[in-house]
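S.K.: Sharing a structure with you now.
Readers should treat all values here as calculations from the given coordinates under stated rules, not as data from a laboratory. This structure is a prediction, so every number in the text was calculated from the model and none was measured. Every residue, glycine as well, gets a Cβ built from its backbone with ideal geometry; the counts of neighbours run over all protein chains shown.
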Amino acid sequence: MNTNAEKTELYSDSIDLMELGLVLLHHWVFLLVGLLIGAVLAGSYTVFRVTPLYRASSTIYIFNKTTSITSLSDIQLGSQLTVDFQIIAKSREVMEAVIEDLDLNMSTGALSGQVSVENPTDSHMLRITVTNPDPQLACKIANSLADILRQQVADVMNTDKPSTVERAVVPSSPSSPNVRRNVEIGALVGLAVVLVILVLRYLLDDTIATEEDVQKYLGLNTLASIPYDKTLKQ
């Protein structure tokens, strides 16, 4: 049979989830405030501190008008060439040509970091995407890179330039940051911070304030209780 000390230790090591839930419900205002503060801070930082970025894309077809695909081997060769041209598109020579064409004040490494080249699944196309804080410059770089890459492809294949499927246009809205997503994340972080503080406060609070606490932690019965009158403190 457990002694009072054993009961006290048992209760101190356990967490009353119902009581914890009531504590959190009682402090719902703090949880709401934390959620709002997190959302406002995240939204303000995103709007005023994060530089918006714009994306412009151009697409080329690696075969030209005079090229015909007549066999499976030609199709496989085209797929292999598409991968090769993805590498060529971000080569130093191509980056230098784009910088010279647009008179850009940046290094080849900086320009390469703004460029992504992808091959849509089951196609012989290359989509060139440029991300830049200036929407007009993003469009110019995407189109210049597409034109220079077409010339590179023609030189490598010793044929006419590939066809242009789609030229880049000036983006009307930024691609990042996502203000709504950041606000939602900030709100969740603010709510989580307040939640952790309230839970820690509950777990670290070992004061005895009610008759239930006496029974729970000391294992003793309460014979009587005296109401506390704040006016008597004076």
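S.K.: Which ³J(HN,Hα) values in Hz, rounded to whole numbers, follow from the phi angles of the range 129-141 under the Karplus curve 6.51 cos²θ - 1.76 cosθ + 1.60, where θ = phi - 60° and Gly and Pro get x?
M.R.: Values per residue, Gly and Pro as x: 10, 10, 10, 8, x, 9, x, 5, 5, 4, 5, 5, 5 Hz.
S.K.: According to a simple spin-label model (label point 7 Å from Cα along Cα-to-Cβ), what is the distance in nm between N119 and Q215?
M.R.: The modelled label-to-label distance comes out at 7.5 nm.
S.K.: Kindly write out, for the range 18-28 in residue order, the coupling ³J(HN,Hα) from the Karplus curve 6.51 cos²θ - 1.76 cosθ + 1.60 (θ = phi - 60°), rounded to whole Hz, with x marking Gly and Pro.
M.R.: Ordered by residue, 3J(HN,Hα) equals 5, 5, 5, x, 5, 4, 5, 5, 5, 9, 4 Hz.
S.K.: Measuring from label point to label point, each 7 Å out along Cα→Cβ, what is the S225 to T207 span in nm?
M.R.: Here the answer is 1.6 nm between the modelled labels.
S.K.: Another question, then. What list of ³J(HN,Hα) couplings, whole Hz, do you get for the range 33-46 from phi and the Karplus terms 6.51, -1.76, 1.60, once you set θ to phi - 60° and write x for glycine and proline?
M.R.: Each residue of the range 33-46 in turn: 5, x, 4, 5, 5, x, 5, 5, 5, 5, x, 5, 5, 5 Hz.
S.K.: Additional query: For S175, enumerate residues with amide H under 5 Å from its amide H, sequence gap 5+ or separate chain, H modeled in the peptide plane.
M.R.: Result for S175 returns L53, Y54, R55.
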